[in-house]
Amino acid sequence: MRDLPAASFLLALAAEAGEEDAALVQRCHDIARREEQLGDERYDAIRRALAALYGPANDQVLLARLAADVRAGCFDPPDTGRLLRRLARLRLEESNPGFMTDN
């Protein structure tokens, strides 16, 4: 249920950057480590909610449908706000946990 880039891509990017960009390398490794530690099961409730709305599909299709509906302004069923807040929170916990602490 994660957006791209995948952890494997981040690790490849870090290897390619080498010592040229230590901050980028560290950030890539940190995000990949958090994704592994936190696991994908945390997204199961969101995955089920999206599948109930759109029917069974892979994660990328479900997220693409959600994004299209949000952009079109037609995604206002009950619990929409909670679903979007939960998805944003899970992603922030992986990509920028400091933001969660600071805010």
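Observations, loosely collected:
- The Cβ shell under 13 Å around Q37 holds other residues with a net charge of -4, Lys and Arg each +1, Asp and Glu each -1.
- The chain: equivalent-ellipsoid semi-axes (sqrt of 5 x gyration tensor eigenvalues, Cα, Å): 29, 15, 12
- Sequence-separation-based contact order of segment 7-97, relative, with Cα cut under 8 Å and 6+ spacing, percent: 27 percent
Taken together, the values in this text are just the output of simple stated rules run on the coordinates, not laboratory data. All of these numbers come straight from a predicted model, not from anything done at the bench. Every residue, glycine as well, gets a Cβ built from its backbone with ideal geometry; the counts of neighbours run over all protein chains shown.
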